[in-house]
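Read through the structure below, which is laid out as C-alpha cells, and then see the notes.
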Amino acid sequence: YIQTIIPRIEPHIIPESTHNQTPILKPTDSQIAKTTNTFLQSHRNLFLDLEHQGIFSAQPNQRVLEIGFDTGGYSLFALEQLGFQVSGIDNQYGGLVEAGALPEYIKKNLHSQVSFHHGDITQTTHFDDETFDVIYSASVLEHITDIPNALTEMFRLLKPNGVLIHKYHPFYCPSGGHTLGIPDTPWGHCQLTHTDYVNYIEDQRPFEADYTKPWLSKALTRDYPISRMQHALAQANFKITYWQETPTTEQNLADLTPQIQWTCFQTNPQIGLSDLITESIMFVAQKPNK
C-alpha cells in the first residue's frame, strides 16, 4: 500500500548512511509534501466516511497507534496533521527487513512529533494498558502470523470504546497478499500447499529462494481466511462494527475457472469463494466499554 504511492526517487538524490541503519535515498522536500498530502486526503476521507456512517467519530488529540512504518512513515505524519497524537510500532517483519533511516529523515524534514517504536504487536509491548483511542494499519495483517496474540495486545492497548481500523490484502486474493515469488498462473499460490510452494521457488526460481522462502514462512499468513479473521476478532472480545470487502478486477474474475476454484478448495478446505475474489478488506472493530 505505502510502496505503491511513494514517488519515484530521482537519480540525483544522495545516499546517506546512519549508525546501524541501512543507507537511505533522500526524497526531495516536494516529494515528501506530495506523498504526505496523498495520505492526508485518504485518511481525512476515511474518518469523514466513518463519522457519516455513525461508526466512529474522531476527536482532537486522540491517541493513535499505527502498526508498520518502516517504508517511510508517511501515513503517521498525515494522521498527525489531522490532529491526532501519533505513535508507530514496527518490527520489520520479524527481522526479515533491516530497519531503515527514512522515517526519521522525513520526521526531521516535517518537524514532526510522531514517535517511532521498535516492537512486535504479537508480544506484550512497552505501552501501558488503555493507551490508545485508535489502532490503525494498512497492508500489515496479512504479514502477522500470530493473529490471536496480536489482537490480545491490541485489546490491551485500546481504551474502552476505542477502535481497530485495519486494511489488508488477504493471502487468497489474486495478488497473494502481495507475496514474494507469486506463481505466474492465476491463483497458483492457492493451488499449491505451503511445501509445494517452497519447492516451486527452489526449483523454478532459485535466484529468489534465499529471500522468498523466509518471507513465505515468517512474514505471510495463509492461516486466516475471511471467516477465521472474523472469528478471531470476536474471540478477542471485539465487536465488528464495519466490514468491507473489495472484489478483484473483472479480468481476474474471468481467469477464475471452475477447475481453479475446485483445486483451490481441495488444497484449502477452510476457504470459500469470497476468499478467492476479495482483493482487499477494511474493517472497524470496537473494544466494548467496561
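The values are calculated or read from the model by the stated rules, or taken from the named source; none is laboratory data. Keep in mind the model is a prediction, meaning the values are calculated, not measured. Please note: Cβ atoms are built from the backbone with ideal geometry, for glycine as well, and neighbour counts cover all protein chains shown. These area figures cover heavy atoms from the full protein model, side chains too; ligands, DNA and RNA do not enter into them. Shrake-Rupley method; radii C 1.70, N 1.55, O 1.52, S 1.80 Å.
So here's what we get for this one:
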item: Interchain or long-range residues, amide H under 5 Å from S280's placed H; result: T246
item: Rounded to whole Å, sorted largest first: equivalent-ellipsoid semi-axes of segment 210-290, Cα gyration tensor; result: 27, 18, 13
item: Overall Cα dimensions of the chain, principal axis frame, Å, largest first; result: 54, 53, 36
item: Burial ranking of peptide ranges 159-170, 109-120 (average Cβ count within 10 Å, highest at the top); result: 159-170, 109-120
item: Accessible surface, 1.4 Å probe, highest first, among residues D29, D210; result: D210, D29
item: Extent along principal axes [Cα atoms of segment 71-176; Å; largest to smallest]; result: 39, 34, 23
item: Estimated vicinal HN-Hα couplings, Hz - segment 256-270 in sequence order (Karplus 6.51, -1.76, 1.60; Gly, Pro = x); result: 7, 6, x, 5, 5, 4, 5, 5, 4, 5, 5, 6, 10, x, 7
item: Sequence-distant residues sharing a close amide H with G162 (under 5 Å, placed H); result: K287
item: For H117, residues with placed amide H under 5 Å, excluding near neighbours; result: G88, I89, D90
item: For segment 212-221, Karplus couplings with θ = phi - 60° (6.51, -1.76, 1.60), whole Hz, Gly/Pro x; result: 6, 4, x, 4, 5, 8, 10, 10, 7, 10
item: Whole-Hz ³J(HN,Hα) from phi, Karplus 6.51 cos²θ - 1.76 cosθ + 1.60, for segment 72-84, glycine and proline x; result: x, x, 4, 4, 5, 5, 5, 4, 4, 5, 7, x, 7
item: Sequence-separation-based contact order of segment 76-178, relative, with Cα cut under 8 Å and 6+ spacing, percent; result: 24
item: The chain: calculated mean residue ellipticity at 222 nm from DSSP helix runs of at least 4, using -39500 (n - 2.57); result: -11500 deg cm²/dmol
